[in-house]
Every structure is written in structure tokens, then in C-alpha cells.
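Each reported figure results from applying straightforward, stated rules to the coordinates on display, with no laboratory input. Because the structure is predicted, anything quoted here is derived from the model rather than measured. Cβ atoms come from the backbone with ideal geometry, glycine included; neighbour counts cover every protein chain shown.
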Amino acid sequence: MTETGIDPSVPPSGPGCLDCEGTGGWWFHLRRCAQCGHVGCCDSSPSQHATGHFRETGHPVVQSYEPGEDWFWDYAEQKGRRGPELAPPASHPDDQPSPGPAGRVPDDWRDRLHG
């Protein structure tokens with residue numbers, strides 16, 4: 001690792017939230033752990049798996065896993081930060097909708113988001 005909490009050589013765990021995929025859930029936006037590559041759903045999503053991953057592992061830094069976004073967030077410091085380019089891919093597939101995944105997002109999804 002070149003920086004605390006970041007390993008730029010580790011690829012993402014997949015195209016969607018690893019935990020939601022296992023439970024049949026859905027997400028609003030995705031975040032990628034910069035240390036181990038775990039892809040989890042954002043804090044607006046019903047299950048907030050990215051923050052849960054930080055709490056379980058102590059891995060402090062995530063990067064947005066949304067197309068066109070490259071910002072980092074440090075949970076330990078509770079602030080944005082800079083980071084290196086991570087191993088590809090840099091986002092979920094362009095044809096995957098947000099919220100996603102296709103076919104599992106309820107019609108009332110806006111009412112189920114966390115503020």
C-alpha cells in the first residue's frame with residue numbers, strides 16, 4: 001500500500017454492491033473500498049453497506065464507484081481526500097442503472113432512501 005487505507009493494485013469486488021447481491025437488495029449509488037476493493041452501497045441506500053464495511057474492517061477510505069466520479073472519502077477523518085488512480089474498472093458498468101441493479105429496484109425507491 002502506498003498510502004494508509006489505499007492499495008491501488010486491488011481491483012473492485014464486482015459491478016455492484018457485494019452485500020446487496022448476496023441478499024437480493026438494491027442500491028442507490030456505489031462506493032469502492034480503496035484498501036481491499038469491496039464494493040458497497042452508499043449511505044443513501046437502504047442497507048448502507050459501504051459504511052458497514054468500514055465499521056467491520058476499519059478500512060477507512062472509499063472512492064465513488066459511479067461513472068464519471070473519482071472522489072475519495074475518508075470515514076476515519078470524516079472528510080474528502082485525494083487518492084491515486086485505482087486498479088480498473090473505475091466504476092460500475094455504464095449500462096447498469098442507478099439505482100440498481102435492474103429488476104430489483106422498487107417503484108417507491110425514492111421513499112426508501114436515507115436522507
Of the candidate values (1) 2, 9, 16, 13, 7, 5, 5, 6, 8, 9, 8, 6, 4, 1, 0, 0; (2) 2, 13, 26, 30, 21, 7, 1, 0; (3) 2, 13, 25, 26, 19, 10, 4, 1, 0, the one computed for P(r) over Cα pairs in 5 Å bins from 0, in percent from this structure is (3)
The simple spin-label model distance between E56 and A102, using points 7 Å out along Cα→Cβ, in nm, is 2.8 nm
For the chain, cysteines with no other Cys Cβ under 4.7 Å from their own Cβ are listed as C33, C36, C42
Here the relative contact order (percent) of the chain, from C-alpha pairs under 8 Å and at least 6 apart, is 27 percent
